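Notes follow the structure.
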Amino acid sequence: MNHCTGFDSPLGLDRRNFLRNFGMGLGGIALADLIQAAEQKGHSFTGAGDPVPKAKRVIFLFQSGAPSQIDLFDHKPQLIKDHGKQLPDSIRKGQRLTGMSGNQASLPLVGSPFEFKQHGESGAWVSDLLPHTAKIADDLCFVKSMYTEAINHGPGVTFMQSGSQFPGRPSIGAWLDYGLGSLNKDLPSFVVMTTKGKGGQPLVSRFWGSGFLPGKHDGVRLRPDKDAVLYLNSPKGVDSSDRRKVLDHLRRLHEHQLEQTSDPALETRIAQYEMAFNMQRSIPDVTDLSDEPESTFELYGEDARKPGTFAANCLLARRLAERDTRFIQLYHPGWDQHSGLPKGIRTQCKETDQASAALVTDLKNRGLLDDTLVIWGGEFGRTNYCQGKLTANNFGRDHHPRCFTMWMAGGGVKSGTSHGQTDDYSYNVVDGGVHVHDFHATLLHLLGIDHERLTFKYQGRHFRLTDVHGKIVKPILA
């Protein structure tokens, strides 16, 4: 019997590749018909039933290491009154603690040593560590009832960024680029910046990775030096026209190979080469602050003149938002205060308070806040009891997943509000709990996406940012 192990075709394909090409061809025809029908109906391909978008873009000011909600936003007079007493069993309810404080013989409660006042017409409670944030209280929506499942930093940050504690899932920005595409062909849809020279928990590239989505959806990191994006500049002696000719020839070779193999990685490679070419012009433009007036630096603070600071990154975030970058992620580490909290949190607030408030104010003054969702927060909260020894002037707080505070502004959220409530000791949520999946579902809703419909099939299962959970937090919607 003659066993056929190959298949002769005009393209030199074997039988397997021929069938794959044939299938992709039919799929492409079907997809084109669906897209054309959707466009004729006047709605996006994400589905006619999707919510009306309130936001076009997101700026996530991620405070890595977990800020203490007790010392910033969640004012607890009872905790101050019971300072030094033991954490009541009726409050802990047998919940697990980390290995760093779980074996302590004593868990003394620590009331915040910082002064709290109510601000604005909304009467939001903000500590004196954040005077600039306090001034914009009526522009903010405080969510005081966030909670998560992760109790350590690696899983906690991964969960907040990707909806899973396990590495390998797409990050928020990657999902948005996949689902909504880019608003600007000359800039990446997903840009990441980290504060320079800060210690703390490591920030690894998977936090802004595309996971199992095509690699073109990865976040692009802007660095605070002459090469804002690595390997972007052309070699010496190669000008723009020469670079264009090389890329055109390379594209034809890739397209020829794509016809033969239908390898999606080739499509990604073509798109990335084109984006890199466009970025050779757009990145120097967006990172050049010489056209900013003096009033800008008065608003953001003198640190905004120093590349790599949180303030400079906030200013760059506004410039990227002006150019319609879809998702902008800032990471500011250093909030992991297991000891020395009074001194450490003062430093963190001094580095971030003015610039965070300035960004919201700047976007509002430029008419960009209405369709830009700004988010401020970390991966979880801090404990109401002291980790280690409590002294008159010093203490630390351990990780606490049961409740923490984030704030949002613009982009369709209700300004001048505080959602949710914790108990008298800021240990448990007692009203309006918002799980990380709920946070993600609401974020997608504000961008016009039904979180249950944005999926990607991988290893036989349809994955989504909210896994199999998540509900929209309707009370915070404007």
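The values are calculated or read from the model by the stated rules, or taken from the named source; none is laboratory data. Computed from a predicted structure; not experimentally measured. With ideal geometry, Cβ positions are generated from the backbone for all residues, glycine too; neighbour counts draw on all protein chains shown.
What about GLY340, is it at pLDDT 95 or above, of a type outside the set (A, V, I, L, M, F, W, C) and crowded, with 18+ Cβ neighbours inside 10 Å? Against the criterion (at pLDDT 95 or above, of a type outside the set (A, V, I, L, M, F, W, C) and crowded, with 18+ Cβ neighbours inside 10 Å), GLY340 does not qualify. Listed by position, the helices (runs of 4 or more DSSP H) enclosed by the stretch 264-353 that each have at least 3 residues that are closer than 25 Å to GLY197 by Cα and under 19 Å from the mean Cα position of the chain (by Cα) are 310-322. Return a yes/no flag: does the stretch 354-364 have any residue that is of a type outside the set (D, E, K, R), in the same structural domain as GLY65 (by TED's automatic domain parsing) and assigned to a loop (DSSP other than H, G, I, E, B). No, the conditions are met nowhere in the stretch 354-364. A Cβ distance below 6 Å, combined with a sequence gap of six or more or placement on separate chains, defines the contacts here; from the stretch 113-124, residues that are touching a residue at least 12 places away in the same chain (Cβ under 8 Å) reach residues that are part of a loop (DSSP other than H, G, I, E, B) in the pairs PHE114/ASP128; PHE114/LEU129; GLU115/ASP128; PHE116/HIS75; SER122/GLY416. Confirm whether ILE375 is in contact (Cβ under 8 Å) with a residue 60 or more places away in the chain, in the same structural domain as PRO214 (by TED's automatic domain parsing) and not basic (Lys, Arg). So ILE375 passes the test. Within the option set ARG281, ARG221, being of a type in the set (Lys, Arg), under 30 Å from CYS314 (Cβ atoms) and in contact with a strand residue (DSSP E or B) (Cβ under 6 Å, 6 or more places away or on another chain) holds for one residue only, ARG221.
Of a type in the set (A, V, I, L, M, F, W, C), closer than 17 Å to VAL413 by Cα and either buried (at least 19 other Cβ atoms within 10 Å of the Cβ) or free of Cβ contacts under 8 Å to residues at least 24 places away in the same chain (or both): does that describe TRP335? No: the conditions fail for TRP335. Among all positions in the stretch 449-462, there is at least one residue which is of a type outside the set (Asp, Glu), closer than 19 Å to ASP370 by Cα, touching a residue at least 24 places away in the same chain (Cβ under 8 Å) and not in a helix (DSSP H, G or I).
Scanning the stretch 384-393 turns up at least one residue that is over 26 Å from LEU443 (Cα atoms), polar (S, T, N, Q), at pLDDT 95 or above and in contact with a Leu (Cβ under 8 Å, 6 or more places away or on another chain).
Inside the stretch 224-252, residues that are under 24 Å from LYS198 (Cβ atoms), at pLDDT 80 or above and surrounded by fewer than 14 Cβ atoms within 10 Å (Cβ to Cβ) make up a count of 3.
Please verify whether the stretch 142-161 includes one or more residues that are more than 30 Å from VAL360 (Cβ to Cβ), in contact with a Pro (Cβ under 6 Å, 6 or more places away or on another chain) and of a type outside the set (Asp, Glu). Within the stretch 142-161 (the criterion being more than 30 Å from VAL360 (Cβ to Cβ), in contact with a Pro (Cβ under 6 Å, 6 or more places away or on another chain) and of a type outside the set (Asp, Glu)), the answer is yes, since at least one residue qualifies.
Set side by side, the residues VAL143, VAL191, VAL110 differ, and just one is of a type outside the set (Asp, Glu), buried (at least 24 other Cβ atoms within 10 Å of the Cβ), farther than 30 Å from PRO88 by Cβ and touching a residue at least 24 places away in the same chain (Cβ under 8 Å), which is VAL191.
Screening ARG281, ARG269, ARG243 for residues that are touching a residue at least 24 places away in the same chain (Cβ under 8 Å), basic (Lys, Arg) and within 26 Å of LEU176 (Cβ to Cβ) leaves exactly one candidate, ARG281.
Residue-wise test of (1) under 22 Å from PHE327 (Cβ atoms); (2) part of a loop (DSSP other than H, G, I, E, B); (3) in contact with a Gly (Cβ under 6 Å, 6 or more places away or on another chain).
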| residue | (1), (2), (3) |
| --- | --- |
| GLY99 | no, yes, no |
| SER106 | no, yes, no |
| THR133 | no, no, no |
| GLN161 | yes, no, no |
